[in-house]
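In what follows, a single structure is set out as structure tokens and then discussed.
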Number of protein chains: 2
Amino acid sequence: MKGSLLEGIPSELPEEIFDTICSAERVKIERIVSRGHASPEGFWYDQERNEFVLVVRGSAGLRLENEDDIVVLKSGDYLNIGAHMKHRVEWTDPTCETIWLAVQY
Amino acid sequence: MKGSLLEGIPSELPEEIFDTICSAERVKIERIVSRGHASPEGFWYDQERNEFVLVVRGSAGLRLENEDDIVVLKSGDYLNIGAHMKHRVEWTDPTCETIWLAVQY
């Protein structure tokens, strides 16, 4: 039941890691670990549920459809993304892990 | 939509602070800020929903009913508390803010 978002991270991260922490009807809580990853060119997330994302460590830039500026998230910053609000990860810090907590609801 | 869990914390904390970040049917996401606070003596939380708690900064000790040992949570540690699992906060760090993210679901 107890765990740490900061542990169990492999030294090599060829792909982002998605770990489900809790899953229940209508809610999923997961940890995401990135290092220098970005969404593939032209790819947009378009999700059926709302998603709350928190950057616990590291930093990232998110692009939201129809907004000019990239939303920069650093440690402690969160963003609440409404269902079907198209978004993509433009960049994550290449020098360290970016650890996210994501709650889909 | 963007916010920071680390900002907007008053210098004095006579009581714990509970800020709702997102609320939807069946889900509530909130920030809790403590400094040296504990649950009142003899008080137990007994909640209808599951609760995921993450310590973002600081540290805390939680007691779960029918468990001998206090669960110590430090930065990055989380605990998933099932509905109606009685629990209480035995202590939080008296020297700095303890910042929690709590998801009731």
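The values are calculated or read from the model by the stated rules, or taken from the named source; none is laboratory data. Model, not experiment: these values are computed from the prediction. Positions of Cβ are backbone-derived with ideal geometry, glycine not excepted, and every protein chain shown enters the neighbour counts. Note: areas computed on protein heavy atoms with side chains; ligands, DNA, RNA excluded. Shrake-Rupley method; radii C 1.70, N 1.55, O 1.52, S 1.80 Å.
Here are a few things to note about the model shown:
- Sparse-neighbourhood loop sites, trypsin sites (Lys or Arg not before Pro) in the range A:6-70 - DSSP loop, at most 16 other Cβ within 10 angstrom: A:ARG26, A:ARG49
- Calculated label separations, B:TYR45, copies of the chain, 7 Å along the beta-carbon direction, nm: 2.6
- Whole-Å semi-axes of the range B:46-104's equivalent ellipsoid (Cα gyration tensor): 19, 14, 9
- In the range B:24-95, taking the dipole from charged Cβ atoms about the Cα centre, the farthest positive-side position among B:GLY61, B:VAL27, B:LEU79 is held by B:VAL27.
- Whole-percent carbon and sulfur share, accessible surface of the protein assembly as shown, 1.4 Å: 46 percent
- For chain A, size of Cβ-based charge dipole, Lys and Arg +1, Asp and Glu -1, in debye: 360 debye
- Pairwise Lys count, the protein assembly as shown - Cα closer than 27 Å, eight or more residues apart or different chains: 22
- Rounded, prolate or oblate (a/c below 1.5 giving rounded, otherwise prolate when a/b exceeds b/c) for the range B:1-65 by Cα gyration tensor: oblate
- Net charge of neighbours whose Cβ lies under 15 Å from the Cβ of B:TRP91, counting Lys and Arg as +1 and Asp and Glu as -1: -3
- 10 Å Cβ shell holding at most 14 others, DSSP loop, GluC sites (Glu not before Pro): longest site-free stretch of chain A: A:68-105
- Residue order by solvent-accessible surface for B:ASP46, A:ASP69 is A:ASP69, B:ASP46, largest first, with ligands and nucleic acids left out and a 1.4 Å probe.
- Accessible area per residue in Å² at 1.4 Å probe, computed on chain B: 50 Å²
- 16 Å cut-off, amide nitrogen to a point 7 angstrom out along B:ARG49 Cα→Cβ, residues in the range B:69-88: B:80-85
- Volume in Å³ per residue [convex hull over Cα atoms, computed for the protein assembly as shown]: 131 Å³
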